[in-house]
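Trainee: Once you've had a glance at the structure underneath, I'll fire off some questions.
We did not get these values from a lab; they are worked out from the coordinates using the rules stated. Nothing here was measured: the structure is a model prediction, and the numbers come from that model. Here the Cβ positions follow ideal geometry from the backbone for every residue, glycine too, while neighbour counts run over all protein chains shown.
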Amino acid sequence: MAERLARRSGSRQPRHRRMLNVQQADAVTRTTQETEPTAVRIRAQRTVTYFFQTGAWPDSSSTETGLKIPYEVAFNGTVQRRVEGWPKRIVGRTRFSIRAPEGTEVSLYLNTDSLPGGRQFPVYSVTPQHNDIYVKVTERRGIQAARPVVTLDRSAVDKTTGAMTDYYSALLHGDTWASISRKYTEQEAADLIPADCDSGIRSAIMSVYRVLTQPTVIVNCATPQDRTITITFSDADNARSNIRNFDNLSDGLTRIHPIGLFALMDAARLAGVETLNITSCWRPLLGSIAHRAGIGLDVNRIGDATDSIRLNRGELIGSGPDLPWVSERERQLFRASRQSAEARRRWIAEMEANRPALFAAFRQQLQDSPHVQQLFDPWYIDSNTHDAAAPTPNDMAPGNANTHKDHLHITVNAPGIL
């Protein structure tokens, strides 16, 4: 950037030669009215724009293309205060622009690495000089390079801003998601779960963050003394397909927010559930931010000494197995449920009549937990368990309701993520 310093000489220069460009000077110091002004150089402001093309694969959902990612912005490694106009979250396929002095390294902390206690893995760093910068980050599946590389593609006048702009590209892939997703230590887990946690549950949770040797954990509850809960974790296909050398026990389960495990185990203890099958926890490239941030857990089966309940009601719309909790009468009432409020009431009554009591008790414990934010299951949908609105019966409509026709999803109440 060009700069001009006023020259000192014995004779005063014409006024027009002493004028300063305010874009090139921080301040002007005058010792007397006769003293020439001194220009102090500052750096011009440049615009750095990020565009995340999330869900860049066939048949991506609206949740994936419009993914909402927690973030912080850093200048030269220092996290900046939020500026008016910055979004609460980076939103997929939506421009996000930052103003920064030229010569400043701009980088992002994303996902749970953006939260206090993280901020270890800055990504998509660029340093504007003479031009503005536009960074397009494309989210792709498959095994990719370990660290995201930002590549300069071209320089041209931006059609929107009219400014000369350097265009960069980069990838967001499984290894990147792993890097920006916090792994919890045993001590962090101990600090995060409630102090009055059942001692048997506490011991089981600690074993997960010490890293299990098999995909099963047994909870020997202190209260009641004779209650044992066996939890089985299914393998993480999405993570294994997109992250190099991924091991679910050491790399997946340890990225679950410890409060999520506590909420599940404690609800099971209080409801009398003795077996739980968790099909999905942390995963990098599927669905909403909840699973990618370790605050989403999916359960597809629960049981006790007498019952094993498969959480699936796809039969209601002809796309699931024949199970006792969907009667032929309910299917008939469901087909007529949109005709009137009374027809809908009859359908819901029949649905409730066949809902397994064990699952109803388990879900109610989760509903009442301060550590749970959302519950989606084959019977009910509740996007905010803390508001006054009642859960909505799952009518299997395309989107979120249909997605949860065959499992229970729990979103942990973790500030700063959703």
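Trainee: If amide H atoms are built 1.01 Å from N in the plane of the peptide, which residues on other chains or at least 5 residues away come under 5 Å of the amide H of Ile295?
Mentor: His257
Trainee: In addition: Under the rule of at least 5 residues apart or a separate chain, name every residue whose amide H is placed under 5 Å from the amide H of Thr49.
Mentor: Ile98, Ile133, Tyr134, Val135
Trainee: Something else: What is the extension gain from Met206 to Arg345, computed as 0.36 nm multiplied by their sequence separation minus the C-alpha to C-alpha distance, in nm to one decimal?
Mentor: 45.5 nm
Trainee: If amide hydrogens are placed 1.01 Å from N in the peptide plane, which non-local residues have theirs closer than 5 Å to the one on Ile381?
Mentor: Those qualifying (amide H under 5 Å, at least 5 residues apart or on another chain) are Thr392, Asn394.
Trainee: Here is a further query. Find out how many positive minus negative residues lie around Gly314, taking Lys and Arg as positive, Asp and Glu as negative, among other residues whose Cβ is under 11 Å from that of Gly314.
Mentor: That sum, taken over residues with Cβ under 11 Å, equals 0.
Trainee: While we're looking at this one, here's another question. What is the log10 of I(q)/I(0) for region 332-418, computed with the Debye formula using one identical point scatterer on each Cα and no solvent, at q = 0.10, 0.13 Å⁻¹?
Mentor: For region 332-418 at q = 0.10, 0.13 Å⁻¹, log10 I(q)/I(0) is -0.27, -0.46.
Trainee: Which whole-Hz ³J(HN,Hα) couplings does region 309-325 yield from phi under the Karplus relation 6.51 cos²θ - 1.76 cosθ + 1.60, θ = phi - 60°, glycine and proline marked x?
Mentor: After applying 6.51 cos²θ - 1.76 cosθ + 1.60, I find 9, 8, 7, 8, 10, x, 4, 4, 10, x, 9, x, x, 7, 10, x, 8 Hz.
Trainee: If you don't mind, another one. Using only the Cα atoms of region 181-324, build the gyration tensor, take square roots of its eigenvalues as a ≥ b ≥ c, and label the shape rounded, prolate or oblate: rounded if a/c is under 1.5, else prolate if a/b is larger than b/c, else oblate.
Mentor: oblate
Trainee: For the chain, with the dipole built from +1 on Lys and Arg beta-carbon atoms and -1 on Asp and Glu ones, taken about the Cα centre, which of Pro415, Ala357, Val106 lies farthest toward the positive end?
Mentor: So the residue we want is Val106.
Trainee: Another one. Helix hunt in the chain: which complete DSSP H runs extend at least 15 Å axially by C-alpha with mean Kyte-Doolittle at least 1.0?
Mentor: Qualifying helices, which must be both long enough and hydrophobic enough, are 258-271.
Trainee: Report Rg (one decimal) and Dmax (nearest whole number) for the chain, counting Cα atoms only, units Å.
Mentor: 27.9, 103
Trainee: Kirkwood hydrodynamic radius, region 263-418, all distinct C-alpha pairs: what's the number in Å?
Mentor: This gives a value of 16.1 Å.
Trainee: Right, here's the next one. Would you work out the relative contact order for region 88-144, in percent, from Cα pairs under 8 angstrom that are 6 or more residues apart? The partial results should precede the final answer.
Mentor: Values: 42 pairs, mean separation 17.1, N = 57.
Answer for region 88-144 is 30 percent.
Trainee: Over region 41-190, consider all pairs of different Cα atoms and compute the Kirkwood hydrodynamic radius from their mean reciprocal separation; express it in Å, one decimal. Display every interim value, and only then the final one.
Mentor: Numbers: mean 1/r = 0.0617 Å⁻¹.
Kirkwood radius, region 41-190: 16.2 Å.
Trainee: So, R0 is 30 Å and r is the distance between the beta-carbons of Asn220 and Gln120; what FRET efficiency does that work out to, to 0.05?
Mentor: Step by step, r from the Cβ atoms, then E = 0.25.
Trainee: A further question on this structure: Between Thr185 and Thr127, what is the spin-label point distance in nm, taking each point 7 Å from the Cα along the Cα→C-beta axis?
Mentor: 3.2
Trainee: Further question: Would you mind calculating the gained length between Ser169 and Arg329 on full extension (0.36 nm times residue separation, minus the Cα-Cα distance), in nm to one decimal?
Mentor: Here the answer is 52.0 nm.
Trainee: Ok, one more. Would you kindly calculate the translational diffusion coefficient of region 141-190, applying Stokes-Einstein with the Kirkwood radius from alpha carbon pairs, for 37 °C and a viscosity of 0.692 mPa s, and quote it in µm² s⁻¹ without decimals?
Mentor: 235
Trainee: Under 25 Å Cα to Cα from Lys183, which lysines show up? Leave out anything in the same chain fewer than 8 places away.
Mentor: Partners within reach: Lys68, Lys88.
Trainee: While we're looking at this one, here's another question. At a Förster distance of 22 Å, what's the computed FRET efficiency of Glu102 paired with Arg82, Cβ-Cβ distance as r, to 0.05?
Mentor: The formula returns an efficiency of 0.50 here.
Trainee: Calculate the spin-label point distance for His386 paired with Gln45, positioning each point 7 Å from the Cα along the beta-carbon direction, and give it in nanometres.
Mentor: Between Gln45 and His386, the label points sit 3.5 nm apart.
Trainee: Give me the percent relative contact order of the chain, please, defined on Cα pairs under 8 angstrom at least 6 residues apart. Numbers along the way, then the final one.
Mentor: Working: 865 pairs, mean separation 45.2, N = 418.
Once divided by the residue count of the chain, the mean separation gives 11 percent.
Trainee: Arrange the following residues from fewest to most other Cβ atoms within 10 Å of their Cβ: Ile201, Ile143. It would help to have the intermediate numbers written out before the result.
Mentor: On the way: Ile201 24, Ile143 14.
By the 10 Å Cβ count, ascending: Ile143, Ile201.
Trainee: Now for a separate question. If we sort 373-385, 85-97 on the protection proxy, mean other Cβ atoms within 10 Å, highest first, what's the order? Each step should come with its number before you reach the end.
Mentor: Working: 373-385: 21.1, 85-97: 15.2.
Output ranking for 373-385, 85-97: 373-385, 85-97.
Trainee: At a threshold of 8 angstrom on Cα-Cα distance, excluding pairs fewer than six apart, so keeping six or more, what relative contact order does region 103-253 reach in percent? Kindly include the intermediate steps, with their values, before the conclusion.
Mentor: Details: 239 pairs, mean separation 28.9, N = 151.
Rounded, it is 19 percent for region 103-253.
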